[in-house]
1. Any idea how many residues of the stretch 283-340 are under 21 Å from Ser234 (Cβ atoms) and among the small types (Gly, Ala, Ser)?
2. Which of the residues that make up the stretch 60-81 are part of a loop (DSSP other than H, G, I, E, B) and either at pLDDT below 80 or closer than 21 Å to Asp101 by Cβ (or both)?
3. Give the residue, chosen from Ile293, Ile301, that is loosely packed, with under 14 Cβ neighbours inside 10 Å and either of a type in the set (Val, Ile, Thr) or not assigned by TED's automatic domain parsing to the domain that holds Gly256 (or both).
4. Tell me, yes or no, whether the stretch 168-191 has at least one residue that is hydrophobic (A, V, I, L, M, F, W, C), part of a helix (DSSP H, G or I), more than 22 Å from Ser234 (Cβ to Cβ) and at pLDDT below 85.
5. Out of all the residues in the stretch 34-59, which are part of a helix (DSSP H, G or I) and more than 17 Å from Ile95 (Cβ to Cβ)?
6. When the stretch 354-368 is examined, which residues are found to be out of contact with any helix residue (DSSP H, G or I) (no Cβ under 7 Å at 6 or more places or on another chain) and surrounded by 15 or more Cβ atoms within 10 Å (Cβ to Cβ)?
7. Please work out which residue is surrounded by the fewest Cβ atoms within 10 Å (Cβ to Cβ), limiting yourself to the stretch 604-619 and to residues that are closer than 15 Å to Ala581 by Cβ and in contact (Cβ under 8 Å) with a residue 12 or more places away in the chain.
8. Tally up the residues in the stretch 369-408 that are part of a strand (DSSP E or B) and in contact with a Leu (Cβ under 7 Å, 6 or more places away or on another chain), please.
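The values are calculated or read from the model by the stated rules, or taken from the named source; none is laboratory data. Since we're looking at a predicted model, the values are computed, not measured. Note that we place each Cβ from the backbone using ideal geometry, even for glycine, and neighbour counts take in every protein chain shown.
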Amino acid sequence: MKSILDKIKGKNELSVKFREQEQLRRQVNSLFNLLTELYGSDKIVLRAGKLNVLQMMRSEFLPERVLALQKLVFEDPTFETVPELDDIPNILDEIENEIADIIARRTLEDELEKKINERLQQRHEEYVREIKMQIIKENTGPENAQTLKKFAVLEKLEQKHLVRSALDVLRPSSFDEVVGQERPVRALLSKLASPIPQHILLYGPPGVGKTTAARLALATARGLKHSPFENDASFVEVNGTTLRWDPREVTNPLLGSVHDPIYQGARRDLADSGVPEPKPGLVTDAHGGVLFIDEIGELDIVLQNKLLKVLEDKRVFFESSYYDPSDNNVPKYIKKLFEEGAPADFILIGATTREPEEINPAIRSRCAEIFFEPLTPSDIYKIVQQAAKKLNVAIEDNVADIIAEYTIEGRKAVNILADAYALACHRSQDGLNPAIKETDVYEIIQVSRLTPYILRRATEKQEVGRIFGLGVAGFIGSALEIEAVAFPARRKEGGIIRFNETAGSMARDSVFNAASVLRKLTGRDLYDYDVHVNVVGGGRIDGPSAGVAISLAIYSALENLPVPQNIAVTGELSIQGMIKAVGGVPEKIYGAKQCGIDTVFIPAENEKDIPTDARGVKVIPVQTLEEIINQIFAAHNKLAN
């Protein structure tokens with residue numbers, strides 16, 4: 001009975017083992033099929049051949065097939081030991097886990113590849129769209145019906161041309177046409193047309209040719225062999241009153257500025273990549289040529305200091321917190337501007353109607369200074385005659401003299417003549433070859449509400465208590481009519497000295513100085529008299545230069561001695577009776593000439609300031625008030641006896 005049970009038990013065990021092996025066999029077959037589906041039959045065969053497992057794959061011996069499966073799944077040729085049957089379940093678990101990982105990776109890769117393909121397709125479509133838009137723009141541009149219509153209107157306007165303006169026609173085209181400025185022009189040429197040109201400041205009243213002379217000087221310098229200016233050297237002209245700038249450097253038309261990509265509107269292609277855009281200014285435009293700043297005295301003081309830095313460095317440097325030197329998107333020219341700066345090697349010519357003391361001392365120290373002369377009536381006469389010749393128009397004999405009576409500015413004289421010419425053309429029936437008459441000029445003068453520039457004229461007669469002093473304002477000299485009267489004091493306690501308040505405190509001090517000096521010379525005390533001193537017209541006297549004239553007017557009134565009305569005097573009077581130096585002597589001499597004065601007394605200390613061409617005015621240097629009294633009142637002077 002026991003043997004039968006043992007046999008049955010043995011058979012059962014064999015049956016279980018057989019079922020287990022069969023299950024493992026099916027599991028292995030399933031895994032082979034899964035690998036085939038996963039990689040494809042061709043790739044499986046290739047991989048099996050590479051790993052030398054083709055025979056093991058076809059083996060009937062299960063452990064060999066498991067070994068082949070191991071090598072295929074793990075792609076590891078080092079598996080050489082055929083596994084035992086008992087180890088096969090564990091090995092198959094490892095194989096299943098690895099296959100699960102492979103399937104997971106394959107699924108993830110497929111999803112990623114799908115997304116990548118979708119993104120590539122999207123980019124491709126965008127690229128194709130951009131190419132299409134670019135082709136459309138190249139073929140059509142940013143134009144539409146409205147823009148093309150406006151362009152056509154502008155083109156039509158371009159076809160219309162008027163003749164040049166009067167100022168264009170009459171502007172001097174050579175130095176021969178610049179009247180009354182021989183010495184300043186010569187000085188300007190010598191400093192600009194030199195192998196080593198200098199920065200220059202031009203002083204003088206308006207309308208005397210400063211801008212024209214500067215432009216012509218550069219044109220002359222271009223043609224000289226020793227000149228550093230090339231034939232295409234630029235002449236950049238700007239007015240200091242219009243050079244507005246932002247202290248934050250948002251805009252600076254003179255020196256240049258940086259347009260940051262966020263706040264200041266850099267170019268779109270630069271703004272998109274966050275690159276700041278430096279924009280050079282006028283100093284770079286003038287590189288190799290001349291930068292002419294008219295009314296340089298009106299330039300902002302901070303901007304003047306910045307300009308000084310450019311004059312020293314001969315370059316303009318730019319800064320921006322947005323600039324990144326390591327950014328590959330920065331164009332070469334922008335990198336060069338930020339790292340090396342923009343070239344600005346030019347000659348500065350500044351023109352001003354201000355006094356030298358009002359100009360930045362640092363700019364003055366770097367510039368040669370040239371003073372342009374005020375124009376005389378004879379200069380205006382020549383300018384008018386010259387302009388009439390350019391207009392090819394006849395003028396009556398007195399036209400030039402009339403214009404010279406109402407202005408000392410060359411530009412204004414030309415404007416008056418051009419207006420009279422227009423009036424003559426209007427009067428003429430055909431408008432051809434009209435002649436300018438005196439009545440035309442007077443009509444323009446009345447319409448423009450002009451008054452004679454010279455209100456005081458010298459005469460040959462003599463008057464008691466009246467004399468011409470000389471003043472200067474804005475580089476223009478003028479005669480001051482000073483008069484005085486003296487009466488015995490009405491009050492026992494002393495006389496009264498009156499002086500018009502508008503003349504200023506300096507002139508009043510001159511009266512008291514005169515009182516002391518005249519008492520010393522004549523023994524007369526002004527407090528024994530009622531004295532009234534008047535500057536005719538209420539002209540303001542800012543300096544002490546009218547001291548001598550006031551003293552002579554009082555002396556003439558006290559002594560009842562007439563003063564020649566064709567002389568003028570200037571000078572400061574000290575209480576010791578000395579005549580001290582004053583400024584503006586050349587301008588004062590020209591101012592005397594305009595009034596018809598033929599003799600001018602100046603301080604001996606100013607003798608070096610007498611111009612070589614005094615234009616017919618006799619200039620007499622004197623040291624003391626007594627000396628000038630002896631010369632003016634030679635026939636009557638009691639002191640001479």
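1. Summing the residues that are under 21 Å from Ser234 (Cβ atoms) and among the small types (Gly, Ala, Ser) in the stretch 283-340 gives 3.
2. Those that are part of a loop (DSSP other than H, G, I, E, B) and either at pLDDT below 80 or closer than 21 Å to Asp101 by Cβ (or both): Glu60, Glu75, Asp76, Pro77, Thr78, Phe79, Glu80, Thr81.
3. Numbers: Ile293 fails: loosely packed, with under 14 Cβ neighbours inside 10 Å.
After applying the criteria, what remains is Ile301.
4. Within the stretch 168-191, the subset hydrophobic (A, V, I, L, M, F, W, C) is 169-170, 175, 178-179, 185, 187-189.
Next, from what is left, pick out any that are part of a helix (DSSP H, G or I): 169-170, 175, 185, 187-189.
Retained after the next criterion (residues that are more than 22 Å from Ser234 (Cβ to Cβ)): 169-170, 187.
From what's left, at pLDDT below 85: 169-170.
Looking through the stretch 168-191, at least one residue is hydrophobic (A, V, I, L, M, F, W, C), part of a helix (DSSP H, G or I), more than 22 Å from Ser234 (Cβ to Cβ) and at pLDDT below 85.
5. Step one: list which residues in the stretch 34-59 are part of a helix (DSSP H, G or I), which gives 34-39, 41-51, 54-58.
Listed by number, the residues that qualify are Ser41, Asp42, Lys43, Val45, Leu46, Gly49, Lys50, Leu54, Gln55, Arg58.
6. Here is the first cut: in the stretch 354-368, the residues out of contact with any helix residue (DSSP H, G or I) (no Cβ under 7 Å at 6 or more places or on another chain) are 355, 357, 361, 365, 367.
Within the stretch 354-368, Glu355, Cys367 meet the criteria.
7. Taking the stretch 604-619 as the starting set, the residues that turn out to be closer than 15 Å to Ala581 by Cβ are 604-610, 619.
Still in the list and also in contact (Cβ under 8 Å) with a residue 12 or more places away in the chain: 604-607, 609-610, 619.
Values: Ala604: 16, Glu605: 16, Asn606: 21, Glu607: 14, Asp609: 18, Ile610: 17, Val619: 18.
In this case the residue turns out to be Glu607.
8. Adding up the residues that qualify gives 2.
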